[in-house]
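The values are calculated or read from the model by the stated rules, or taken from the named source; none is laboratory data. None of these values were measured; they are calculated from a predicted model. Reconstructed Cβ throughout: ideal geometry from the backbone, glycine too, with neighbour counts over all protein chains shown. For the accessible areas, the whole protein counts, side chains as well, though only heavy atoms, and no ligand, DNA or RNA atoms are used. Shrake-Rupley method; radii C 1.70, N 1.55, O 1.52, S 1.80 Å.
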Amino acid sequence: MQDTGEWHALSAHREALGGVHLRELFEGDPRRGERLVAEADGWLLDYSKNRLTAETVELLAALADRAELRHRIEAMFDGEPVNTTENRPAWHVALRQPNPPPEVNAEFDRMAEFAAEVRSGRWQAVVNIGIGGSDLGPAMATAALAAFADTELDVRFLSNVDGAHFRQVTRGLDPARTLFIVVSKTFTTTETLTNARTARAWVADAVGTEAASSHFAAVTASPDNAKDFGIDSGAVFAMWDWVGGRYSLGSAVGLSLMAAVGPDAFAEMLAGMHRIDEHFRSAPWDENLPALLGLVGIWNRNFWGWPTYAVLPYSQELALFPAYIQQLDMESSGKSVRADGTPASTATGPVVWGQPGTNGQHAFHQLLHQGTDVVPVEFIGFCRPNHGFSEHHDLLMANLLAQAEALAFGAPDAGDPHRRFPGNRPSTVLLADQLTPRSLGQLVALYEHKVFTQATIWGINPFDQWGVELGKTLATNITAELTGTAAPNPTRDSSTQSLISRYVMKR
Ligand code: F6P
C-alpha cells in the first residue's frame, strides 16, 4: 500500500499538517465538533479531537477504496475463504443475520432450551471454562450486562491454568449445584482441559463420578473430543470452523452469557451486531463508524507513528472491554507478514491497553497528559446509566468529557513547566444512550469491523494467529522436563536450562 498514490498523498498531507495543534484546528473551524462526527443506530462517533481535517478523511477514504475494502467486506459477508492461511471463511456475521444458516438457527434453539433449563433453579452457579476467545467475550459481556441478568444464577469464568484461579472461581460454590460449561473450539487447549479435569474431580468428590458428568456441558467445533472427555452429546453445542475464537461471542460460545441474561437479551445483542454489520456494508466511508474508527487508527499508527492506543470505557460494567479488545485487535493485527506471504512494509497492529475510567485517571493519565509519548485514546460512554445513582453518572461522564478536552487543548500557559499541559493529544469519543444488550452488540461489531478495515489496508490476514503456536509447543516440552517425564534437554539455551533445573530442584 505504501507504494500507491493514495498512500503518498496521505504522507504529503501529513507533512503539510506539520506541527498543527488541535487548538488551531478548532479555532479555524468553529463547527468542527459537529462536522467530524458520524452517527449510526444510536452510536455517535466524535473523531474531531484527532489531528486531522476533512481532507484527511477524504484521503483515507481513497486509501480504503484503493485497498478494495468494499470488495473485501463483501467477500467476508459472502462466506468466502478470507482466512487464507487456514483456507476457510471468517463468517461470524452469519451468526447474527435475521435469517441465519439453518445449522446456526438450530443451535440457537438448543442453546435457548438449555439456558431456560439452567435458569430454572437447579443450578446455583455456572462456571464457564475457556480461555482467549472462549472466555473474554462471554466474560466481558456477562459483566457488561449484569443489569440485565434476571436470575439468581451466579455466572463465573475460569480461564487461567494457575490453580489459584480455580480456587478463586470455585470459592463459596456448592459442587452439587454447579454446572461447568467447557468452551473450546479445538477442545485441545491445555489450560481449558486442565481446568475441566480439575473441575470434574472437584464435582466427583461431592456427588460421585457417575453423577459428575451431568454437571458438564461443552461448546466446541470438535464434538468428538468433547465426547471423549465424557460430556454427553446432548450437552455439546456446536460452533463451526468458520467462527474464529475472538469473533465467536454470537455463537454458542456465548452460552454462559445466555444463561445469565436469557435468550431474548442474547437475541437483542445479535440484532445490535447485525445492525452494525449492515451499516458497515452500506454506509459511505465518511459516515461509516467502523470504517472511520479503522481509518483514524491507520492515520494515527502509520502517518503519525504512534505505536499504542488506549481503550477507556467510562463504564465499570465494561471493565473487561479493554482486555477483550486487546485480544480482538492484537491477535488479529499483530502480524509482520502479509496475507500473500510477503513482509509487511508498514507498521501494523498497535499495542492496545486500557481500563475503565475514572480509575485510570488516578493511575496512568499522568503519562497521557504529560508523557513524552502520544497515546491516542478511544473513550466510550453512555448518556444514561443502568442504575439510579444519577449523581455518580454525571460525575463519571463529566470526567470523560474533561479528559478528552484536557488532552486536546491542554493548559499551555502555566508559568511552572511542571504544571504545563501541552495538549494536542488525540482522542475519539464513542457515545450511546445506554449500555444494553443491543448497544453492546453494536459496540462489539464496531470494533470487529474496525480491525477488519485496518487489516485490509495493511494487507494482512486478521483471522489467523500462528504467533501463539511456538510457545505452546515449547511449553509442552518443558512441562515434560519439569515433571520428570523427559530428561533435561542439553541442547537448550543455558538460561532456560538453568531456570528449569532451579525449578525442578525447588518445586
Ligand atoms: O491463544 C490462541 C487461541 O487459539 C485463541 O485464538 C483462542 O481464542 C484460544 O486460544 C482458545 O482456543 P480454544 O477455543 O480452541 O480452546
State whether the residues of the stretch 239-246 include one that is crowded, with 17+ Cβ neighbours inside 10 Å, more than 16 Å from the ligand (Cβ to nearest atom) and outside any helix (DSSP H, G or I). no
With respect to residue 352, determine if the residue is more than 16 Å from the ligand (Cβ to nearest atom) and at pLDDT 95 or above. no
If you go through the stretch 359-376, how many residues are part of a loop (DSSP other than H, G, I, E, B) and surrounded by fewer than 18 Cβ atoms within 10 Å (Cβ to Cβ)? 5
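Any residue that is at pLDDT below 95 and surrounded by fewer than 18 Cβ atoms within 10 Å (Cβ to Cβ) - is there at least one of those in the stretch 326-343?
Residues of the stretch 326-343 that are at pLDDT below 95, as a first pass: none.
No; the residues of the stretch 326-343 include none that is at pLDDT below 95 and surrounded by fewer than 18 Cβ atoms within 10 Å (Cβ to Cβ).
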Need pairs with beta-carbon distance below 8 Å; first residue closer than 15 Å to residue 483 by Cβ and within the stretch 493-507, second hydroxyl-bearing (Ser, Thr, Tyr) and open to solvent by less than 100 Å² (accessible area, probe 1.4 Å); sequence gap 6+ or separate chains. none
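Tell me the residue from 234, 254, 262 that is within 18 Å of the chain's Cα centre (by Cα) and under 24 Å from residue 178 (Cα atoms), please. Steps first, please.
Numbers: 234 fails: within 18 Å of the chain's Cα centre (by Cα); 262 fails: within 18 Å of the chain's Cα centre (by Cα).
Residue meeting the stated conditions: 254.
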Away from the ligand (no atom under 15 Å from the Cβ) and either of a type in the set (Lys, Arg) or assigned by TED's automatic domain parsing to the domain that holds residue 378 (or both), is that true of residue 293? yes
Boolean, residue 142 is within 16 Å of the ligand (Cβ to nearest atom) and under 23 Å from the mean Cα position of the chain (by Cα): no
Which of the following residues is hydrophobic (A, V, I, L, M, F, W, C) and open to solvent by 50 Å² or more (accessible area, probe 1.4 Å): 115, 67, 141, 147? 147
Considering only residues of the stretch 200-227 that are assigned to a helix (DSSP H, G or I) and within 15 Å of the ligand (Cβ to nearest atom), which is surrounded by the most Cβ atoms within 10 Å (Cβ to Cβ)? 226
If you scan the stretch 251-288, which residues turn out to be more than 16 Å from the ligand (Cβ to nearest atom) and not in a helix (DSSP H, G or I)? 262, 283, 284, 288
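Can residue 308 be described as surrounded by fewer than 21 Cβ atoms within 10 Å (Cβ to Cβ), of a type in the set (Ser, Thr, Tyr) and assigned by TED's automatic domain parsing to the domain that holds residue 364?
Details: surrounded by fewer than 21 Cβ atoms within 10 Å (Cβ to Cβ): yes; of a type in the set (Ser, Thr, Tyr): yes; assigned by TED's automatic domain parsing to the domain that holds residue 364: yes.
Answer is yes for this residue.
Hey, does the stretch 123-138 have a residue that's in contact (Cβ under 8 Å) with a residue 40 or more places away in the chain, under 20 Å from residue 244 (Cβ atoms) and away from the ligand (no atom under 16 Å from the Cβ)? Steps first, please.
Kept after step one, since they are in contact (Cβ under 8 Å) with a residue 40 or more places away in the chain, are these residues of the stretch 123-138: 123-138.
Right, trim to under 20 Å from residue 244 (Cβ atoms) and you get 128-138.
Still in the list and also away from the ligand (no atom under 16 Å from the Cβ): none.
So far as the stretch 123-138 goes, no, none of its residues is in contact (Cβ under 8 Å) with a residue 40 or more places away in the chain, under 20 Å from residue 244 (Cβ atoms) and away from the ligand (no atom under 16 Å from the Cβ).
When residues of the stretch 453-492 are filtered for being within 16 Å of the ligand (Cβ to nearest atom) and in contact (Cβ under 8 Å) with a residue 60 or more places away in the chain, how many remain? Outline the logic, then answer.
Start the filter on the stretch 453-492 by keeping residues that are within 16 Å of the ligand (Cβ to nearest atom), which leaves 455, 460-476.
Remaining after also requiring in contact (Cβ under 8 Å) with a residue 60 or more places away in the chain: 455, 460-468, 472, 475-476.
The total comes to 13.
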Okay, helices (runs of 4 or more DSSP H) sitting entirely in the stretch 4-93 with 2 or more residues that are free of Cβ contacts under 8 Å to residues at least 24 places away in the same chain and of a type in the set (A, V, I, L, M, F, W, C), I get 5-17
Name the single residue, out of those in the stretch 190-199 being within 12 Å of the ligand (Cβ to nearest atom) and among the hydrophobic types (A, V, I, L, M, F, W, C), that is farthest from residue 221 (Cα to Cα). 196
Tell me, which residue of the stretch 161-199 that is part of a helix (DSSP H, G or I) and of a type in the set (D, E, K, R) is farthest from residue 240 (Cα to Cα)? 167
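Residue by residue, here is whether (1) within 16 Å of the ligand (Cβ to nearest atom); (2) buried (at least 16 other Cβ atoms within 10 Å of the Cβ) holds:
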| site | (1), (2) |
| --- | --- |
| 166 | no, yes |
| 172 | no, no |
| 180 | yes, yes |
| 184 | yes, yes |
| 188 | yes, no |
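Which ones in the stretch 18-29 are open to solvent by 30 Å² or more (accessible area, probe 1.4 Å) and at pLDDT 95 or above?
First, the residues of the stretch 18-29 that are open to solvent by 30 Å² or more (accessible area, probe 1.4 Å): 19, 23-24, 26-29.
Selection gives 23, 24, 26, 27, 28, 29.
Scanning the stretch 462-507 for residues that are under 30 Å from residue 92 (Cβ atoms) and aromatic (Phe, Trp, Tyr), which turns out least open to solvent (accessible area, probe 1.4 Å)? Outline the logic, then answer.
So the first thing to find is which residues in the stretch 462-507 are under 30 Å from residue 92 (Cβ atoms), and the list is 462-473, 475-476.
Applying the additional criterion that residues be aromatic (Phe, Trp, Tyr) yields 463, 466.
On the way: 463: 18, 466: 139 Å².
The selected residue is 463.
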Kindly establish whether residue 159 is in contact with a His (Cβ under 9 Å, 6 or more places away or on another chain) and either more than 25 Å from residue 313 (Cα to Cα) or among the hydroxyl-bearing types (Ser, Thr, Tyr) (or both). yes
Checking the structure you have, find out if any residue of the stretch 415-434 is more than 25 Å from residue 295 (Cα to Cα), surrounded by fewer than 19 Cβ atoms within 10 Å (Cβ to Cβ), small (Gly, Ala, Ser) and modelled with pLDDT under 95. yes
